[in-house]
Amino acid sequence: MEQLSFQDAQQMAEALRVELNQYAVEYYVNDQPSVEDYVYDKKYQKLVELETEFPDLITSDSPTQRVGGKVLEGFEKVVHDTPLYSLNDVFNKEELFAFDERVKKAVGKAVSYCCELKIDGLSISLKYQEGLFVQGATRGDGSVGENITENLKTVKSIPLRLSEPLSIEVRGECYMPKSSFVKLNEQREENGKEVFANPRNAAAGSLRQLDSKITAHRNLSTFLYTLADFGPLEATTQDQTLDELSRLGFRTNQEWKLCNTIDEVWEYIESFHEKRSQLPYEIDGIVVKVNDFSLQDQLGFTVKAPRWAAAYKFPPEEAETVIEDIEWTV
Ligand SMILES: NC(=O)c1cc2c(=O)c3cc(F)ccc3oc2nc1N
């Protein structure tokens, strides 16, 4: 390549970064790629050449920073600014309706609920300073988690830079798609390694890697659902929050539904109980949340969980009964 001035290289690198990050949002966040892989790969290679020749060009949001870096000795602890609570489970229609009765009694009126698929992954917390991803952590015990920033940087659906220079904290679920889980276990079986029992364990094992280069190959994804530190954002309901997260470049699960009665909630639950096995990711139920934040504040939390939410749990999916090829003695 002809000798480039630093300024020219800097302009080219910035343009390539913007273009490549946009392609990545289309592919990994919106599942709607606009270019073929080879177009991405060629431009990516060009950026790698520029960054190799001019290392000072490398920025924290460059797509080249997603391949994983140094191997850690261990994970630092992270004290969460606000706790990551767990959810109260309900297991049948009666318990769900009893939850609704408690809510109506406490707030003195019927409320709308935002219903979301309950993704069977790991809770994560992501912090951004002036729009840049600065820290990712596990839930841990709810108050103290592990700093897994290096690993989460390799998760392609997590934006390294937001569409606005905001300082916020968001929370959601990191999971492994069913198809990636099957492929990973096939590889492990071929290499004589122990297979993972389910996608949740596979995701957990992939996020607990001290070598983020391994995490980078596990094809993890995310669905974000909560703003923990709103910064300047003013969402006042859960459905607005989901729209805001999406606008900022986060991957959100689009199956959510605003239900104005508990009967609608029940219909939604029944519909997804049927569709569950066709989803490309595992869910273990439906999360039912009082939609209005002022009502959530009125309801508050118990020691371990919000009073304004319930997790309707599905029974464990019947494992496909695989009849092994029985070796018939000849
Ligand atoms: N697994 C999930 O897909 C999921 C999980 C939670 C929570 O764990 C959760 C915990 C809280 F204290 C409050 C809201 C929550 O909302 C949630 N929403 C979701 N969609």
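Per residue, the convex hull around the alpha carbon atoms of the range 88-175 comes to 151 Å³. Between the residues Leu117, Leu72, Ala305, the greatest Cα displacement towards the positive end of the dipole of the chain, with unit charges on the Cβ of Lys, Arg, Asp and Glu, is found for Ala305. For the range 177-216, the equivalent ellipsoid derived from the alpha-carbon gyration tensor has semi-axes of 16, 12, 9 Å in decreasing order.
The residues neighbouring Gly108, those whose beta-carbon lies less than 15 Å from its own, together hold a net charge of +1 under the Lys/Arg +1, Asp/Glu -1 convention.
With 21 Å as the limit on Cα-Cα distance, the pairs of Lys77/Lys313; Lys178/Lys289; Lys118/Lys289 that go past it are Lys77/Lys313; Lys178/Lys289. Dividing the C-alpha radius of gyration of the chain by 2.2 N^0.38 Å, with N its residue count, gives 1.11. Working note: Cα atoms of the range 187-330, range along each principal axis, descending, whole Å: 71, 40, 32. Beta bridges assigned by DSSP with both partners in the chain are antiparallel in approximately 95 percent of cases. In order along the range 188-204, the phi-based Karplus estimate (6.51 cos²θ - 1.76 cosθ + 1.60, θ = phi - 60°) of 3J(HN,Hα) comes to 5, 5, 4, 8, x, 9, 5, 8, 7, 6, 7, x, 5, 5, 5, 5, 4 Hz; Gly and Pro are listed as x.
When the GluC sites (Glu not before Pro) in the range 89-161 are filtered for DSSP coil states and for at most 13 other beta-carbon atoms within 10 Å of their beta-carbon, the remaining sites are Glu130. Each residue of the range 130-137 was assigned a 3J(HN,Hα) from its phi angle through the Karplus curve 6.51 cos²θ - 1.76 cosθ + 1.60 (θ = phi - 60°); the sequence is 6, x, 9, 5, 10, 7, x, 9 Hz, with glycine and proline shown as x. Using equal-weight Cα scatterers in the Debye expression, the normalised intensity of the range 1-68 in log10 at q = 0.19 Å⁻¹ is -0.72. Note that the range 148-155 has calculated 3J(HN,Hα) couplings of 10, 3, 4, 6, 5, 4, 7, 7 Hz, one per residue in order, obtained from phi through the Karplus relation 6.51 cos²θ - 1.76 cosθ + 1.60 (θ = phi - 60°); glycine and proline are x. For the range 117-265, with equal point scatterers placed on the C-alpha atoms only and solvent neglected, what are the log10 I(q)/I(0) values from the Debye formula at q = 0.11, 0.13, 0.19 1/Å, to two decimals? With no solvent term, the Cα-only Debye profile gives -0.45, -0.62, -1.15. When only alpha carbons are used to place a centre, the range 46-74 and the range 244-291 end up 37 Å from one another.
One decimal place: the segment Lys178-His273 gains 32.5 nm when fully extended, by the rule 0.36 nm per residue minus the C-alpha distance. If every alpha-carbon in the range 29-102 counts as one equal scatterer, what log10 I(q)/I(0) does Debye give at q = 0.12, 0.16 1/Å? After summing over all Cα pairs, the log10 values are -0.72, -0.85.
A viscosity of 0.692 mPa s and a temperature of 37 °C, combined with the Kirkwood radius over C-alpha pairs in the Stokes-Einstein formula, give the range 164-235 a diffusion coefficient of 234 µm²/s. Straight Cα distances below 20 angstrom link Lys183 to the lysines Lys156, Lys193, Lys213, with same-chain residues fewer than 8 positions distant left out. Other residues with beta-carbon under 9 Å from the beta-carbon of Trp256 carry, at +1 per Lys or Arg and -1 per Asp or Glu, a net charge of -2. Here the contact order of the chain, divided by its residue count and restricted to Cα pairs under 8 Å and six or more residues apart, works out to 23 percent.
Label separation (Asn191 vs Glu53): 3.6 nm, computed from points 7 Å beyond Cα along the C-beta direction.
Taking Lys153, Lys104, Lys193 as the candidate residues, the one with maximal mean-square fluctuation in a Gaussian network model of the chain, Cα springs under 10 Å, is Lys193. Given the convex hull over the Cα atoms of the range 1-129, what projected area results after averaging over all orientations, in nm²? Convex hull of Cα atoms, orientation-averaged projection: 14.0 nm².
Charges were assigned to the Cβ only: +1 to each Lys and Arg, -1 to each Asp and Glu. The resulting dipole of the range 123-249 about its Cα centre is roughly 460 debye. Summarising the amide proton neighbourhood of Glu282: residues at separation of 5 or more, or on other chains, whose placed amide H is nearer than 5 Å comprise Asp120, Lys178.
We did not get these values from a lab; they are worked out from the coordinates using the rules stated. What you are looking at is a predicted structure, and each value in this text was computed from that prediction instead of being measured. Neighbour counts are summed over all protein chains in view; Cβ atoms, including those assigned to glycine, are modelled from backbone coordinates with ideal geometry.
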